[in-house]
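A quick write-up on the structure given underneath.
No value in this document is a laboratory result; all are computed from the given coordinates. What you see is a predicted model; the values in this text were computed from it and never measured. Here the Cβ positions follow ideal geometry from the backbone for every residue, glycine too, while neighbour counts run over all protein chains shown.
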Amino acid sequence: MPTTIEQPDTLARSIHGLQAAQESGELLGETLTLNMGPSHPSTHGVLRIELELDGELIVKARPDIGYLHRGDEKIAENMQYNQFVPYTDRLDYLAPLANNVAYALAVEKLMGWELPARGKAIRVICCELARISAHLLGLGAFAMDCGAVTMFLWTFTEREKIYNLIERLTGARFTTSYTRVGGQTRDLPPGFEAEVREFVRGFRLVLKECDAMLTRNRIFMDRTKDVGIISREDAIAFGISGPNLRGSGVEHDLRRAHPYLDYEKYDFEIPVGTVGDCFDRYLVRMEEMRQSCNILDQVIDKLPGGPINVHDPKSTLPEKEAVMTKMEELIHHFIVATEGADAPAGEVYFGAENPKGELGFYIYSLGGGVPYRLKIRAPSFVNLSICSKIMPGHFVSDVVSILGSIDFVMGECDR
């Protein structure tokens, strides 16, 4: 069942009167074009927004993207499937572990592979740690944009603890490249489960402090309530996903709608908003972090033993010991390493519930170790498309609140 988040009562101002006056033409005079970005501190990346203003009132808003375009999809078409894993780190670079998993699941769907139970559980741990980390930065930056600097410092302190866990698991803190098509590079290190449990225990207390400090803060509420409202109908029509969609009252989470990695075995709630404004999107992300803590506890409690990787003698690398002692295994290792896994011809799409929304990979294969076409469905790209719809009628100062509540990453948007 979804968890409906009720907003506390407030006397926050409404902009509907301004919008009505704008539509009737009463406030429109000579307009001014203002460029916000691409280096504005509130744009969370190299985003430029072209604003048309009547005084301080926004008449039109046009997002201008592409400043961080690197051609990831074309790069993928010239690389073996596993060689593209490090490039997925650079999509939503706040949640690289989750990007790795989403891409690997798409290729494994093409290959027809099913991970062992322990491999799935490890990936769930990766995804939920990444979700908490990404939400912490998103909420900390959002709060700082609205003037609450303390929240930013608290969230970054907790993210540092997550980075320590990620470093223990993967050997890297930021660009992890941990997942492989068919499994992971290594199993959990000794004592890792206890460290995750200890982090979750302490993080729940910090989350309560953040909630107490910000949720009923008068300044924060006035900056976010009834600002940037995305209606349920608009959210669906624009293809919005993730917390932004659920903040508009749509109960849709791919972990529940199309379960993967055995998510159907875990008990968690899907938070949904009631208004669809910036404040609702904040509340949804706060609750999602609590639910991620619940999932992590359940994964650690139920963590199975056994192998972590798919066993496919034809398309996976043989054991290192066998490669060093047997000629046949050495030849097989050479073929797989140089030509890649022998994927069947066909086309697949897989979407995962990433922190920003639905991160999807469409793969069109003609067979062999390299995709013929690869398309990335980036949630930040889709979510930003709503800006031109919801920003008109607001003031310039509301732009930073709206952008912070959408919580996008331009590395993923531009690809």
Cleavage-rule hits, trypsin sites (Lys or Arg not before Pro), the stretch 191-275, DSSP coil, Cβ neighbours within 10 Å at most 14: Arg216
Relative contact order, percent, the chain [alpha-carbon distance under 8 Å, six or more residues apart]: 28
Give the dimensionless ratio obtained when the Cα radius of gyration of the stretch 290-415 is divided by 2.2 N^0.38 Å. 1.61
Cα axis of helix 96-111 to longest principal axis of the chain: angle in degrees, 0 to 90, nearest 10? 50
Pull up all non-local amide H partners of Leu359: gap of 5 or more, or a different chain, and H-to-H distance under 5 Å with H placed in the peptide plane. Ala352, Asn354
For the stretch 266-277, Karplus-derived ³J(HN,Hα) couplings (6.51, -1.76, 1.60; θ = phi - 60°; whole Hz; x for glycine and proline) come out as 9, 9, 8, 9, 10, x, 10, x, 10, 10, x, 8
Quick P(r) readout (the chain; Cα-Cα; 20 Å bins; whole %) gives 26, 54, 18, 2, 0
Any chance you could give the angle, 0 to 90 degrees and rounded to 10, that helix 327-339 forms with the longest Cα principal axis of the chain? 30
Expressed as a fraction of 2.2 N^0.38 Å, the rule-of-thumb size for a compact globular protein of N residues, what is the C-alpha radius of gyration of the stretch 71-135? 1.16
Given the options Ile125, Gly71, Tyr103, identify the residue whose Cα lies farthest towards the positive end of the charge dipole of the chain (+1 on Cβ of Lys, Arg; -1 on Cβ of Asp, Glu). Ile125
Give the average over all directions of the projected area of the C-alpha convex hull of the stretch 125-206, one decimal, in nm². 5.7
Measure nothing but the geometry: give the 0 to 90° angle between the long axis through the Cα atoms of 192-214 and the longest principal axis through the Cα atoms of the chain, rounded to 10°. 0
Near the amide H of Arg180, under 5 Å away, which other amide H atoms are found, from residues 5 or more places off or on another chain, if H is placed in the peptide plane? Thr185
Neighbour cut-off at most 16 other Cβ (10 Å), DSSP loop, GluC sites (Glu not before Pro), the stretch 82-140: Glu114
